[in-house]
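Following: one structure in structure tokens, then a few remarks.
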Amino acid sequence: MEFSDAIKRAKEELKRRRQNAEYEASFLLDSLLTYPDITQAYTNLRRQEVEFIKNKHNGQVTADDEKNIKISQEKLDKLLKNKGLNYDKLNPQYKCKNCEDTGYVLGNQCTCLKELIKDILYGEYLTVNKGRFEKSSETLPKNRQLYQLAEVFCKSFPHVEKKNFLIRGHTGVGKTFLADCIVNALTDKNVNVISVTAYELNKMFFDDFFAEGQKSLMDVLINADVLVIDDLAKEPIYKKISLESLYSLLNERQLKEKSTVITTNLEVNELLSRYGESIFARIANKKTTHILVLTGEDKRFG
């Protein structure tokens, strides 16, 4: 799918959400206005609000104006509570409170629009992240310290000195779980996070390489605030596509000062041998990357 098509579909979905919210609010109000007491209270409140706006425009607002509106709101709210509702329910209940389902806040793309574009483009690739810091059962003191470091990173993000993580360790020590914890903690803060396995990332490289005439789908990966690549080294290597695409992705993200989290079973020397110096320098630079080594037994069979 072309990037422009994904944006179009995402905007159409937001438009549908906004229209539904406004229709439901309108339908609810029409239903409530069949009750004479609610109609009178609602009409009176609206009249006072219009008068308030007019007086404010003319610089003639008084304390009585605000007091009368408050009294009218309380009266209407009391009638609505008898119906199991409140005044706020008369307004459209937009799914996104930040942009009210418009997709933009102060001219910038809202997080909800970014997430929709991401889901449309990469829905078939994205992994399900189940781990959370509060659900960790880690008992080894050293590993617990590494979890705490990652949790502090998430709480401080984006105001962090080192932006990247390389999480190493043998199979089953909890690398993916820790990466999931980072994903969920940052997502809870409305950070734009993309999480994929290295194998699925490799498929994206191929899809992008053969998508002639389309705007690069890699733009979404490059511009994500945080990109998580799980199980690096589990993917097949094809020099002209895999390595060049991975280098380009990591290099662009580094230039844009974006955060990248990578998990792998490989030792440092094995990473260097498999990916070469250029890629290695972008995933294991101690000045920009927290290099965490988890240890212990295989938790999958514990």
Exercise. Search region 187-208 for residues that are on the phi > 0 side of the Ramachandran plot and pair each with any residue that is of a type in the set (S, T, N, Q) and in a helix (DSSP H, G or I) when their beta-carbon atoms are under 7 Å apart and the residues are at least 6 apart or on different chains.
Key: N190/T111
Quiz prompt | Meets criteria (surrounded by fewer than 16 Cβ atoms within 10 Å (Cβ to Cβ), of a type in the set (D, E) and out of contact with any Pro (no Cβ under 7 Å at 6 or more places or on another chain)) for E138 | solution = no
Self-check item: Qualifying position, being part of a helix (DSSP H, G or I), closer than 30 Å to S156 by Cβ and at pLDDT below 90, among E200, E252
Solution: E200
Exercise. Go over the candidates V152, V173, V183, V160 one by one and state the one that is within 17 Å of the chain's Cα centre (by Cα) and either on the phi < 0 side of the Ramachandran plot or at pLDDT 90 or above (or both).
Key: V183
Quiz item: Of these, F165, F177, F153, F133, which one is surrounded by fewer than 20 Cβ atoms within 10 Å (Cβ to Cβ) and aromatic (F, W, Y)?
Solution: F133
Quiz item: Taking the stated definitions as given, is S195 outside any helix (DSSP H, G or I), within 21 Å of T288 (Cβ to Cβ) and of a type in the set (G, A, S)?
Solution: yes
Exercise. For D207, state whether it is modelled with pLDDT under 80 and either surrounded by 16 or more Cβ atoms within 10 Å (Cβ to Cβ) or not in a loop (DSSP other than H, G, I, E, B) (or both).
Key: yes
Practice problem: Of all residues in region 255-274, count the ones that are assigned to a helix (DSSP H, G or I), in contact with a Phe, Trp or Tyr (Cβ under 7 Å, 6 or more places away or on another chain) and under 20 Å from V191 (Cα atoms). | Solution: 0
Practice problem: Working only within region 245-264, note down all residues that are of a type in the set (D, E) and either surrounded by fewer than 15 Cβ atoms within 10 Å (Cβ to Cβ) or on the phi > 0 side of the Ramachandran plot (or both). | Solution: E257
Quiz item: Can you name the number of the only condition in (1) polar (S, T, N, Q); (2) in a loop (DSSP other than H, G, I, E, B); (3) closer than 28 Å to K118 by Cβ that T295 fails?
Solution: (3)
Quiz item: What's the number of the condition S216 fails, among (1) modelled with pLDDT of 90 or more; (2) small (G, A, S); (3) in a loop (DSSP other than H, G, I, E, B)?
Solution: (1)
Quiz prompt | Pairs, first in a loop (DSSP other than H, G, I, E, B) in region 14-43, second of a type outside the set (A, V, I, L, M), C-beta under 8 Å, six or more apart | solution = L33/T39; L33/Y42
Exercise. Would you be able to tell me the number of residues in region 8-24 that are over 15 Å from C99 (Cβ atoms) and either surrounded by 13 or more Cβ atoms within 10 Å (Cβ to Cβ) or modelled with pLDDT under 90 (or both)?
Key: 5
Practice problem: Could you give me the residue pairs with C-beta distances under 8 Å whose first residue belongs to region 83-96 and is assigned by TED's automatic domain parsing to the domain that holds I38 and basic (K, R), whose second residue is part of a loop (DSSP other than H, G, I, E, B) and surrounded by 16 or more Cβ atoms within 10 Å (Cβ to Cβ) wherever it lies, and which are 6+ apart or on separate chains? | Solution: K95/D101
Quiz item: Does K256 count as in contact with a helix residue (DSSP H, G or I) (Cβ under 6 Å, 6 or more places away or on another chain), in the same structural domain as V183 (by TED's automatic domain parsing) and touching a residue at least 24 places away in the same chain (Cβ under 8 Å)?
Solution: no
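The values are calculated or read from the model by the stated rules, or taken from the named source; none is laboratory data. Small disclaimer: the values here were computed from a predicted structure and weren't measured. Virtual Cβ from ideal backbone geometry, glycine too; neighbours counted across all protein chains shown.
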